[in-house]
Amino acid sequence: MTAKDLMTSSLVSVTPETSLRELADVLVKNRLNGVPVLDSNGNFLGVVGEHDLIHHEKPLHIPTTVSLLDAWFFIEPPGRLKKEIERISATQVADIYQKNPATITPTSTIEEMAQIFEKTNADLLPVLEGGKLAGVVGRTDLLRALAQDEIA
C-alpha cells in the first residue's frame, strides 16, 4: 500500500491570511489534525495543524539572566526572546505555519510514512507530485491502513 492508496485528494486548505480563529474552526468543524497552506493561486506553501496552534498558546518563556556587577546578562541566545514575542503575538496562519514540512510522493510506502510521522511529529504529510500538491496523508489514514492490514 502506498500514499496514493491512502491520501485524501479532496482537500480542505487555508491561506497565509487565514486568522488563527478561522483555522481553529476549520480544524474542529472538519475533524482534522492539520491542513495544507496554499497561496491565492493554489500553490503549496506548507502545513499548519494542531501542534502549531497549541505551541502558539504556550505561555511566554522569559529568558534566564545572570546579574554580575550591576549588569544583566542573558544566558540564552539573544534572538530567542524575539521569537517568543513573535510566537505569542501571531494572528494569522502566516505567523505559525511550517514552511518546509516533510513531504512524500504518491509511491511512498506505509513504512516510509510511519518513519516520517515518528521522526517529525507531523500532523499530516503532503503528497507532492511534480512539485504540485496531489493530496495529504494524515496519522489517522495511516492508522486505518495499519488496522486493516492487521485484520486481513
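The values are calculated or read from the model by the stated rules, or taken from the named source; none is laboratory data. These figures come from a predicted structure and were not determined experimentally. Here Cβ is always computed from backbone atoms with ideal geometry, including for glycine, and neighbour counts include all displayed protein chains.
Values for this structure:
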read-out	value
Test result for residue 137, touching a Pro at 6+ places or on another chain (Cβ under 7 Å), of a type in the set (A, V, I, L, M) and crowded, with 20+ Cβ neighbours inside 10 Å	no
Scope region 8-25; condition over 16 Å from the mean Cα position of the chain (by Cα) and assigned to a strand (DSSP E or B); matching residues	8
Count of region 107-140 residues which are charged (D, E, K, R) and more than 16 Å from the chain's Cα centre (by Cα)	4
Within region 26-130, strands (runs of 3 or more DSSP E) holding 2 or more residues that are closer than 27 Å to residue 1 by Cβ and modelled with pLDDT of 90 or more	34-38, 44-49, 124-129
